[in-house]
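The values are calculated or read from the model by the stated rules, or taken from the named source; none is laboratory data. Keep in mind it's a predicted model, so treat the numbers as computed, not measured. Positions of Cβ are generated from backbone atoms using ideal geometry, with glycine treated the same way; all protein chains shown enter the neighbour counts.
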Number of protein chains: 2
Amino acid sequence: MTDTTDVTERARAPGGHDPPEGHEAAEMLAEARRRVGPELRTAVASLPEALRRVALPRLGWGYADGTPTSGGAGAAARPALVLAAVRALGGDPGVAVRAAAAVELTHGRTRLHDGVPGRVAVRGHRSADAVPGEVDAILAGDALQAVAQRLLAEDPHPGAPAAAARLAACVVELCAARHVERALERRHAAEVSAAEWIAVAETGAGALLGCACAIGAVYAGAGPEVADALDGFGRQAGLAFRLIDDVIGIWGDPARTGEPARADLAARRTSLPVAAALASGTPEGAALAGLYDRGPGERDLERMARAVERAGGRDWAQTQAADRMSRALGELARAVPDPERAGGLLALVEVVTRRPADAC
Amino acid sequence: MTDTTDVTERARAPGGHDPPEGHEAAEMLAEARRRVGPELRTAVASLPEALRRVALPRLGWGYADGTPTSGGAGAAARPALVLAAVRALGGDPGVAVRAAAAVELTHGRTRLHDGVPGRVAVRGHRSADAVPGEVDAILAGDALQAVAQRLLAEDPHPGAPAAAARLAACVVELCAARHVERALERRHAAEVSAAEWIAVAETGAGALLGCACAIGAVYAGAGPEVADALDGFGRQAGLAFRLIDDVIGIWGDPARTGEPARADLAARRTSLPVAAALASGTPEGAALAGLYDRGPGERDLERMARAVERAGGRDWAQTQAADRMSRALGELARAVPDPERAGGLLALVEVVTRRPADAC
């Protein structure tokens, strides 16, 4: 966590939750792979072969010939979040396996339609890194969303319709946020406020995580207030970890991140601290904008990192991260009063956004 | 109907159904606009404004500022088909209003993602006419599909989950067929068989119509066999009318079609009779391929029409149309034994595919 450990530690303290344990998250991921993997594989196998061949390699779920990878259907963090939310509320995670698969399939739609970002790109703005979604990827993404819908429509659990409605509302929100984000990207960076960026980042980083938690609540038989609180938790925690990850993307220790120093600056990624610096109206912000526009060289990176810091981008991001984490923990405590039961949820949200993003 | 009337008359006779009456279809369309229009408008109004502004003008459902057109939410034929199927099976169409809106919203996804075809393009292959679906249209289409899913998830009718599952399966099928169709378009026309073209045309022209009928059956409380039969009816009838329309696109009377003679040939549209001619392995087929490749002039059109005919494309299309119509009526009679009750369904399927396509 290098120099942002203080932020997360500070943020976690008020809620009284233990910091997430790596092995706890790893166990939950393994459980999700074991329980949800077969359901995901069956769902993907139900796709016509032509679409399977498009979707699987792009999502890292299988080979170009359409056969799934032996390591399971890939991503497990979002399904694990569904199961963990059910368990946190005293339910049986086994009942939510289908819903957990539906969440991951819906995430597949987003990845295929926004372009599938590489390992690094999960942090910054997507369009800079994304392969433009070509027609076949769009068709495959549509099909994944439809399969998710079918899974929930065929699920006899009494929570399935409410889960389907929440998942659908989440897709609408994600699409709207991506549309707004694209509009922001077309404007001059100095004219977009940090508040505008963070609003779309909240949805992009957190909406599906919140939805996954809320669906878990629904399958645990909780009422809408508890589901809404868990939705808020996932959303705010997702954004908090995104902010922390953005800070790491500039000031992180290459020995720990496994990436070159200042990786996000070298890639000219308008991560949130950079967006805040560009919007700051300071001379450092203007200088940074100039470097971003003309494309920085290797030797500009230190200067840029200092400019982001002096323009207030780093402080802003760390304050926001602390604030969002505090809100997240407040929502979590409201939904799950016993901290012992709730710890795993935070660990899983971190897994989705942390660097290296080996579980996403 | 010009010179294809014989096909439809012949085809309709065995099933014992009256030819569809124009005024009957008009009444059903008006009813669907009245009953389903408000539901559709509410659903579209629930979209974030940014996406509404993308979707409405492209679909002809509203203006660029996001307000709906005063004439209602546009298309009515597919919703009318849902209501008509409920009524044909003795149910109350009022219970299926939400499902009917969901079908039309799902059709909106297809139009936005495949590119919104113009008036003429509903007959031929879409990619020649379609505006490529750009990113915003993709996001708006995703959102429409999600809103359709939400409508059914929130519908307390006991048939809603089965309807949602059928609609989802239909989307998967449409995506797969479109993928296959695009692959066919990339191959040399002489190497693609008429059977390959007609397989994708069956889905493209008929799958959602069949699904609309089947959903009506589900809302009428019918069992899966009846729903499947109505699905087969809509599918086969949709393809039959597409074939008839393709014949009209070459040999139709401009005074009746309101289009120039040989309109499809002038537009180099690989409609089904043309596809059959190109695949025929005849000298006329080869000559036609040459004209298609280099782009025909005004004076080539008569020669091309004769070549399609001599290569067997016209006979093939008319025979296929008769065969498909016969299958459609067989399925219809199985689902709705009383021809009096079933007549309106055929009229509505014709409305969707007929030229001019003023109701789609």
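The table for this structure:
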| read-out | value |
| --- | --- |
| Unique match (being at pLDDT below 95, facing chain A (nearest Cβ under 10 Å) and under 30 Å from B:His23 (Cα atoms)) among B:Arg123, B:Arg109, B:Arg119 | B:Arg109 |
| Residues being part of a helix (DSSP H, G or I) and either basic (Lys, Arg) or surrounded by 21 or more Cβ atoms within 10 Å (Cβ to Cβ) (or both) - total across the range B:252-283 | 11 |
| Test for B:Phe241: is it touching a Leu at 6+ places or on another chain (Cβ under 6 Å) and more than 14 Å from every other protein chain (Cβ to nearest Cβ) | no |
| Lone qualifier among A:Ala227, A:Ala190 - being among the small types (Gly, Ala, Ser) and surrounded by 24 or more Cβ atoms within 10 Å (Cβ to Cβ) | A:Ala227 |
| Members of the range A:301-313 that are surrounded by fewer than 23 Cβ atoms within 10 Å (Cβ to Cβ) and either at negative phi or of a type in the set (Ser, Thr, Tyr) (or both) | A:Leu301, A:Glu302, A:Arg303, A:Ala305, A:Arg306, A:Glu309, A:Arg310 |
| Filter pass, A:Gly223 being small (Gly, Ala, Ser), free of Cβ contacts under 8 Å to residues at least 40 places away in the same chain and either at negative phi or out of contact with any His (no Cβ under 6 Å at 6 or more places or on another chain) (or both) | yes |
| Test: residue in the range A:296-310 that is at pLDDT below 95 and outside any helix (DSSP H, G or I) | yes |
| Residues of the range B:190-213 that turn out to be in contact (Cβ under 8 Å) with a residue 60 or more places away in the chain and closer than 16 Å to B:Ala333 by Cβ, as a count | 1 |
| Meets criteria (in contact (Cβ under 8 Å) with a residue 24 or more places away in the chain and more than 7 Å from every other protein chain (Cβ to nearest Cβ)) for B:Ala148 | yes |
| In the range B:171-187, residue surrounded by the fewest Cβ atoms within 10 Å (Cβ to Cβ) [restricted to those that are more than 7 Å from chain A (Cβ to nearest Cβ) and outside any loop (DSSP other than H, G, I, E, B)] | B:Arg186 |
| Residue match in the range B:338-346 (condition: in a helix (DSSP H, G or I), modelled with pLDDT of 95 or more, in contact with an Asp or Glu (Cβ under 9 Å, 6 or more places away or on another chain) and buried (at least 20 other Cβ atoms within 10 Å of the Cβ)) | no |
| Qualifying positions in the range B:151-165 - surrounded by fewer than 24 Cβ atoms within 10 Å (Cβ to Cβ) and facing chain A (nearest Cβ under 8 Å) | B:Glu154, B:Pro161, B:Ala162, B:Ala165 |
| From A:Ala99, A:Ala168, residue being within 7 Å of chain B (Cβ to nearest Cβ) and modelled with pLDDT of 95 or more | A:Ala168 |
| Options A:Ala190, A:Ala205, A:Ala195: the member that is within 14 Å of the chain's Cα centre (by Cα), more than 13 Å from chain B (Cβ to nearest Cβ), assigned to a helix (DSSP H, G or I) and among the aliphatic types (A, V, I, L, M) | A:Ala205 |
